[in-house]
Amino acid sequence: MKPFFSSFRLLAALLTGASPLWAAADSLTEALQRQNQSRQQLNQLQLEQQLNQLRRTQELNRLQQQLNQLQSQPGDPARQQQDVNQLQRQLNQLQNEQQLNQARDQLRLLQLKNELQLKQLQQGQLKETQRDQQLKQLQQRQETDRAEEQLKQLQNRRQ
């Protein structure tokens, strides 16, 4: 009957030591999922930015071509100058918008990269916590094993 209780104590010690380990593993899994999600968002944003940059560049090129055509066409100088001025304003506005959008895109990319770095740091901390908990669990097992061995020795002496 006594070996049953010692085995029961051993099992209880192992189970109570494993709970924090499972919690740390769950936290690590969640952190990895969040990190992957952030990477996907970062990649998606980079693709969107490249596409937007291409569209803006095409629009700038189109306006520049129109401007060049107007400047090279003969015609009413007053009307031509109005058209040139209007196209030049549109071109300038588009260039300003492009610069603003690029700055916003770069800021958003930096924010996402910082979030990703923070998540990687947290993941490293979780791994460290998990290792610490594994070490504590192993130490508890060793202590339990020693106690079991001492108990067996005492039982053998009494018999």
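Could you identify the single residue in 114, 92 that is loosely packed, with under 13 Cβ neighbours inside 10 Å, under 12 Å from residue 42 (Cα atoms) and without any contact (Cβ under 8 Å) to a residue 40 or more places away in the chain?
It is 114.
Cβ-Cβ distance below 9 Å, separation of 6 or more or different chains: which pairs start in the stretch 136-151 with a residue that is part of a helix (DSSP H, G or I) and end on one that is hydroxyl-bearing (Ser, Thr, Tyr)?
140/16; 147/6; 148/6; 148/7; 151/6
Kindly indicate whether any position in the stretch 119-131 is part of a helix (DSSP H, G or I), more than 25 Å from the chain's Cα centre (by Cα) and surrounded by fewer than 12 Cβ atoms within 10 Å (Cβ to Cβ).
Among the residues of the stretch 119-131, not one is part of a helix (DSSP H, G or I), more than 25 Å from the chain's Cα centre (by Cα) and surrounded by fewer than 12 Cβ atoms within 10 Å (Cβ to Cβ), which makes the answer no.
Suppose the filter is of a type outside the set (A, V, I, L, M, F, W, C) and at pLDDT 90 or above; does residue 106 pass it?
no
Read through the list (1) modelled with pLDDT of 80 or more; (2) of a type in the set (D, E, K, R); (3) under 30 Å from residue 139 (Cα atoms), then give the number of the only condition that residue 56 fails.
(3)
Run residue 32 past the list (1) surrounded by 15 or more Cβ atoms within 10 Å (Cβ to Cβ); (2) touching a residue at least 60 places away in the same chain (Cβ under 8 Å) and report the number of the one that doesn't hold.
Among (1) surrounded by 15 or more Cβ atoms within 10 Å (Cβ to Cβ); (2) touching a residue at least 60 places away in the same chain (Cβ under 8 Å), residue 32 violates only (1).
Residue 71 fails exactly one of the following numbered conditions: (1) within 30 Å of residue 133 (Cβ to Cβ); (2) at pLDDT below 80; (3) surrounded by 11 or more Cβ atoms within 10 Å (Cβ to Cβ). What is the number of that condition?
For residue 71, the failing item is (1).
Could you tell me which of the residues 32, 51, 45, 28 is modelled with pLDDT under 75 and among the aliphatic types (A, V, I, L, M)?
Exactly one of 32, 51, 45, 28 is modelled with pLDDT under 75 and among the aliphatic types (A, V, I, L, M), namely 28.
The values are calculated or read from the model by the stated rules, or taken from the named source; none is laboratory data. Remember, predicted model here, so these are calculated numbers, not experimental data. Because the Cβ atoms are built from the backbone with ideal geometry, glycine has one as well, and the counts that use them run over all protein chains shown.
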